[in-house]
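As structure tokens, the structure follows; a few thoughts come after it.
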Amino acid sequence: MNLYRIDKPFILVIFGASGDLAKLKLFPALYSLMEQHRFPKEFYIVGYARTQNTRENFQKEFKKSIESNSKVDQTLVKELTDHVHYFSGQYNKLENFKKFRAYLKELTGKTQITTLAYFSVPPIVFKDIIQNLGETKTSKDEDIRLILEKPFGEDTASAKELFHFVARYFEEENVYLLDHYLGKSAVQSLLHLRHSNRLLNLMMKGPEIANIQITAFEKVGVTARAGYFDQVGTIRDMIQSHLMQILALITMSIPITEDPASLHREKYSILSALKFIDSPKNIVMGQYASYTKEKDIPKNSHAETFAAMRLFIDRESWYKTPIYIRTGKKLHEKHTYIVVELKKFAFQPKDEEPNRLIFELQPNERINIRLVNKQGQTSRYQEITTSDSLACTGDDCLPEHGLLLLDVIRKRRLHFLSFPEIIATWQIIDHIVNFIKKNQIKPQKYQDFSEGPATQNNLTKIDGFKWFDIH
Ligand code: BG6
């Protein structure tokens, strides 16, 4: 297979290199790129963090996080680790950045080298880093590409402010807004499947669809990010970007080309048309029983760890098609899937199952079409299913962050977000969050590792539907 290989030297600076995201996702992704021989001879991975650390020690941590994630080839680990460096500094001190730039120049012996700046830091320090990086640019058009990972702000106003701030120092084309769900190969399949299959697209038209259900269940609790999570809750943490993106990919019109601007426009067109009808019936929130016993979580916290909502798309073609979304932590399973339920014929018996199109995104990655058939003379009508895998099986499969990093190097923006999409999703989320506050809707407790609050079933009942659970 002819794999794309990076042919020019580059530096990857990881801000927040001692944090969880870097260790759990980024370092293993770098190893996957190494395993596929994607790197050029000359490249530098430079960790930047506030923690005082030596290069040797950071290399050890880097190695450890790779080894704990997969079966690895020690020669490759060693080769990769040799490219790893470390610089400790504050994020808000220009002096530190000046020294850092001098350090990079000495390390590479170059003033002109593509630099990817990965923000693996809490959003609160985004601006400091942007400003200091901007102010220490060696020339106006130095090739620095920022990779900012969600969350982008915490509401519409702060997201706009962040984008205006970035624009003071960097051109939009050098800023990559990353939602790691768009790097999941099964999520990317939504686009490819819809683009290449007329059959699918005939079914996926608003007037044919009874309802759409998007589920993202997690088994994990708040993990080490308690402080951050408790401030935002799962609506802003999971729904605002990950689930809204999935919603857009499944309901948007299909752009003809793979031109990023066309895709961003179509997603925006859906996201900006989303509608939440103000009624307490349209939202359910929950909190897992042991949440307030978690480390760093206030005893009286009302942060939601589960949310389900009923939305509409304000378009003639989606008129009266409810879209149900639900997500939660500490639930019985890790499972992300989309169920598209088609309308039944008016003459079909009520108890007959509707046709369903199911996209399982993780941990299983497969598409499943459910039809109804009568097999034999005496048997009743029954459901038959056809299922196929969406899993990436070739030699070029990469984890989300590996794929997206490669895209940044290649300047491919298709699987990144655009400012307008992000603002549109914040606008609907702000609306919902304000509604919740105004009506003082509080999360209901649910048992750890259960299926979440039973009241989630009331949402679908409004329209006479049921959540379709996949086990
Ligand atoms: C992150 C959220 O963006 O996605 C976390 O901040 C969540 O709260 C995580 O656990 C889920 O990602 P994945 O890839 O495990 O589904």
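For the range 255-347, state which GluC sites (Glu not before Pro) are in a DSSP loop and have at most 16 other beta carbons lying within 10 Å of their beta carbon. Before the final figure, lay out each step's value.
Numbers: sites: 258, 266, 294, 304, 316, 333, 341; in loops: 258, 294, 304, 333.
Sparse-neighbourhood loop GluC sites (Glu not before Pro): 258, 333.
Summing -39500 (n - 2.57) over the DSSP H runs of n ≥ 4 in the chain and dividing by its residue number, what mean residue ellipticity at 222 nm do you reach, to the nearest 500 deg cm²/dmol?
-9500 deg cm²/dmol
Can you sort 272, 418 by solvent-accessible area, 1.4 Å probe, largest first? Walk me through the numbers before you get to the answer.
Numbers: 272 60, 418 15 Å².
Correct descending sequence by accessible area is 272, 418.
Scan around residue 372 for amide H atoms under 5 Å from its own, H built in the peptide plane at 1.01 Å from N, and keep only partners 5 or more places away or cross-chain.
Sorted by chain and number, the residues that satisfy this are 384.
Which whole-number percent is the relative contact order of the chain (Cα, under 8 Å, 6+ apart)?
17 percent
Per residue, how much accessible area does the range 296-374 have with a 1.4 Å probe, in Å²?
Ligands and nucleic acids excluded, the figure is 45 Å² per residue.
Specify which residue in the list 54, 372, 201 is farthest towards the positive end of the charge dipole of the chain, using unit charges on the beta carbon of Lys, Arg (+1) and Asp, Glu (-1), about the Cα centre.
Of the listed residues, the answer is 372.
Could you sort 275-284, 174-183 so that the peptide with the highest average Cβ count within 10 Å comes first and the rest follow in order?
Working: 275-284: 15.3, 174-183: 22.2.
Order by mean packing, descending: 174-183, 275-284.
Residues with amide H under 5 Å of residue 343's amide H, sequence separation 5 or more or different chain, H placed in the peptide plane at 1.01 Å from N; which?
Excluding prolines and chain starts, which carry no amide H, the hits are 209, 210.
Could you pull the accessible area for residue 203 with a 1.4 Å probe, rounded to 10 Å²?
40 Å²
Just reorder 302, 332, 431 by solvent-accessible area, largest first, 1.4 Å probe, all chains present. Kindly include the intermediate steps, with their values, before the conclusion.
Working: 302 115, 332 50, 431 80 Å².
Order by accessible area, largest first: 302, 431, 332.
Which of 112, 11, 65 sits closest to the plus end of the dipole of the range 1-123, meaning its Cα is farthest towards the positive end, when Lys and Arg get +1 and Asp and Glu get -1 on the C-beta?
With unit charges placed on the Cβ atoms, the residue in question is 112.
Kindly identify the range 9-49 as rounded, prolate or oblate by the Cα gyration tensor criterion: order the square roots of the eigenvalues as a ≥ b ≥ c, call it rounded if a/c is under 1.5, otherwise compare a/b with b/c, prolate if a/b is larger, else oblate. Present the calculation step by step, with values, prior to reporting the outcome.
Numbers: a/c = 4.17, a/b = 1.39, b/c = 3.01.
The shape class here is oblate.
Lysine pairs in the range 331-471 with alpha-carbon atoms under 27 Å apart, 8 or more places apart or on different chains: how many are there?
Lysine pairs meeting the criterion: 21.
What is the antiparallel percent of DSSP beta bridges lying wholly in the chain, to the nearest 5?
Around 55 percent of the beta bridges assigned by DSSP in the chain are antiparallel ones.
So which GluC sites (Glu not before Pro) in the range 146-226 end up in coil per DSSP with only 15 or fewer other C-beta atoms within 10 Å? Walk me through the intermediate numbers first.
Details: sites: 149, 154, 161, 171, 172, 173, 208, 218; in loops: 154, 171, 218.
Within the range 146-226, the qualifying GluC sites (Glu not before Pro) (loop, at most 15 other Cβ atoms within 10 Å) are 171.
For an R0 of 35 angstrom, estimate the FRET efficiency from the Cβ-Cβ distance between residue 95 and residue 295 and round to the nearest 0.05.
0.50
Trypsin sites (Lys or Arg not before Pro) within the range 10-91: which are DSSP loop residues with at most 10 other Cβ atoms inside 10 Å? Don't skip to the answer; put the middle values down first.
Details: sites: 23, 25, 38, 41, 50, 55, 60, 63, 64, 71, 78; in loops: 38, 41, 50, 71.
In loop regions of the range 10-91 (DSSP not H, G, I, E or B), the sparsely surrounded trypsin sites (Lys or Arg not before Pro) are 41, 71.
The values are calculated or read from the model by the stated rules, or taken from the named source; none is laboratory data. Just so it is clear, the structure is predicted and the values come from calculations on it, not from any experiment. Cβ sites come from the backbone with ideal geometry, for glycine too, and all protein chains shown count toward neighbours. Just the protein is used for accessible areas: all its heavy atoms, side chains included, with ligands, DNA and RNA removed. Shrake-Rupley method; radii C 1.70, N 1.55, O 1.52, S 1.80 Å.
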